[in-house]
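The values are calculated or read from the model by the stated rules, or taken from the named source; none is laboratory data. Quick caveat: nothing in here was measured; it's all calculated off a predicted structure. Here the Cβ is made from the backbone with ideal geometry for all residues, glycine too, and neighbour counts use every protein chain on show.
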Amino acid sequence: MNDNPHADYVDTGGGGRREKAVAAHTRTLVVCPYLTRGQGPTRSTEARAEEAVGLAAAIDLAVVGSQVAMLGAIRPATYLGKGKVEEIAARVKDEEVSLVVMDCALSPVQQRNLEKAFAAKVIDRTGLILEIFGRRARTAEGTLQVELAHLDYQKSRLVRSWTHLERQRGGFGFLGGPGETQIETDRRLIQERMIHIKRDLEQVKKTRALHRESRKQVPFPIVALVGYTNAGKSTLFNRLTRSDVMAADMLFATLDPTMRAIRLPHGGTAILSDTVGFISDLPTLLISAFRATLEEVLAADVILHVRDISHVDAQAQAEDVETILADLGVDRADEKLIEVWNKVDRLDAEHRAGLGAASRQAIPVSALTGEGLETLLEAIESRLARERRTVDLDLDGADGRSLHWLYEHAEVMTRRDDSDGRIHMTVRASPEEMARILRRFP
């Protein structure tokens, strides 16, 4: 068994291997500057720092250490106070660090001033997430969305970052180097490119809308997985669909939405959609850029909010996801939302015993072991059934074609075969599908 949690990331291109090799030799210090006030009682400083290191590790950087810096206030010029800047600069020199990752959003001025003080490249949280997204995007749509967000980010900077790292592909500029075309730094050209990408994305939205319309003709209900990054959505997706979507123990393992069919307990079919994981302090420009992808969530009949219930910051992560969903127009009290508490296999007996009283309408599961998945599928089916109708039908047992059609287009709730060859069935279907059933079996 491979003990490397990042081993599941497979890039078949030689450029990807070169990129990983270069990143692996980039000595990186992760600095976590957090305000002593206003970060909320449920957010653990240790967990935030661990997440920041995980973000750097997600693009294979050689993280030599991390440092938490608690701030009373943000300094306009350098974000950090003078003493802390000098302390970190000394560490950067002593440990031969070539890249400093700041787990915060820096202004262009703050970034440049810190680079001068540290004599090293500096990248902030937004830039790092953009680089991860650039690496992970696989579809044409995902690539367009990331490029749009990157150009928006670069508009105010107009500088080329990480020029000491040579690379051939992946990402959008933070790993720029010799042999690669430099992104245009002229604001007019950047703006023109952004307008062009937005037009392309509008076409993507229209295409996705057409796909949704075609699915309505089938029709199969959509079940969307949402949740904090690394909550186990892709592992759950694989369990339910018996698929092989990349499910790695790393941040942002999934970027582009993936859709597969699942079977419900009474034989009905639904489409399960796996989406990009949410994260705290997700840049607004990324939410906007990924709106086309997140529209799959808005169009879903059921939304599964997958939570890593074993995480120390499980509640804070849930609040982050609920905030983003609210921005998209999905309220936490929405009837189509089901909360799924994943990774119960990691809990000890005492914590597991306490789940029953605390869960309310949440469903405890383990995507890894399969525990609770039958209950989850029943809950999905029950939630979908709120909009569905039932009808009793009598069929000729010799009419195998009609019988097969019913099993394909409806949920068979009950079936009784008589000795005379007649079949009595109770089936359930959506209003649209029920209209087709009644036309076929008047």
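Just one of Leu158, Leu175, Leu148, Leu165 is modelled with pLDDT of 85 or more and either under 29 Å from Arg199 (Cα atoms) or in contact with a Ser or Thr (Cβ under 8 Å, 6 or more places away or on another chain) (or both); which is it?
Values: Leu158 fails: modelled with pLDDT of 85 or more; Leu175 fails: modelled with pLDDT of 85 or more; Leu165 fails: modelled with pLDDT of 85 or more.
Just a single option satisfies the conditions, and that option is Leu148.
The requirement of being assigned to a helix (DSSP H, G or I) and either in contact with a His (Cβ under 6 Å, 6 or more places away or on another chain) or at pLDDT 80 or above (or both) is satisfied by Lys206. Taken over region 326-362, the residue count meeting the criterion of being under 10 Å from Gly227 (Cα atoms) and touching a residue at least 60 places away in the same chain (Cβ under 8 Å) is 1.
For the criterion of being touching a strand residue (DSSP E or B) at 6+ places or on another chain (Cβ under 8 Å) and among the charged types (D, E, K, R), Arg27 passes.
Quick grid of which residues meet (1) over 26 Å from the mean Cα position of the chain (by Cα); (2) at pLDDT below 85; (3) part of a strand (DSSP E or B); (4) in the same structural domain as Phe237 (by TED's automatic domain parsing):
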residue	(1), (2), (3), (4)
Glu184	yes, yes, no, no
Leu189	yes, yes, no, no
Ile197	no, no, no, no
Arg212	no, yes, no, no
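Could you list, in sequence order, the residues of region 371-386 that are outside any helix (DSSP H, G or I) and exposed (fewer than 13 other Cβ atoms within 10 Å of the Cβ)? Spell out the reasoning first.
Start the filter on region 371-386 by keeping residues that are outside any helix (DSSP H, G or I), which leaves 371-372, 386.
Selection gives Arg386 alone.
Any idea how many residues of region 90-123 are in a strand (DSSP E or B) and either farther than 26 Å from Ala58 by Cβ or among the basic types (Lys, Arg) (or both)? Walk me through how you get there before you give the answer.
Taking region 90-123 first, the residues in a strand (DSSP E or B) are 99-102, 121-123.
Checking which are either farther than 26 Å from Ala58 by Cβ or among the basic types (Lys, Arg) (or both) leaves us with 121.
Counting residues in region 90-123 that are in a strand (DSSP E or B) and either farther than 26 Å from Ala58 by Cβ or among the basic types (Lys, Arg) (or both) gives 1.
Looking across region 56-89 at every residue that is part of a strand (DSSP E or B) and not aliphatic (A, V, I, L, M), the one that is surrounded by the fewest Cβ atoms within 10 Å (Cβ to Cβ) is identified as Gly65. Name the single residue, out of those in region 390-422 being under 20 Å from Ala435 (Cβ atoms) and of a type in the set (Gly, Ala, Ser), that is surrounded by the fewest Cβ atoms within 10 Å (Cβ to Cβ). Looking at the filtered set, the residue picked out is Ser402.
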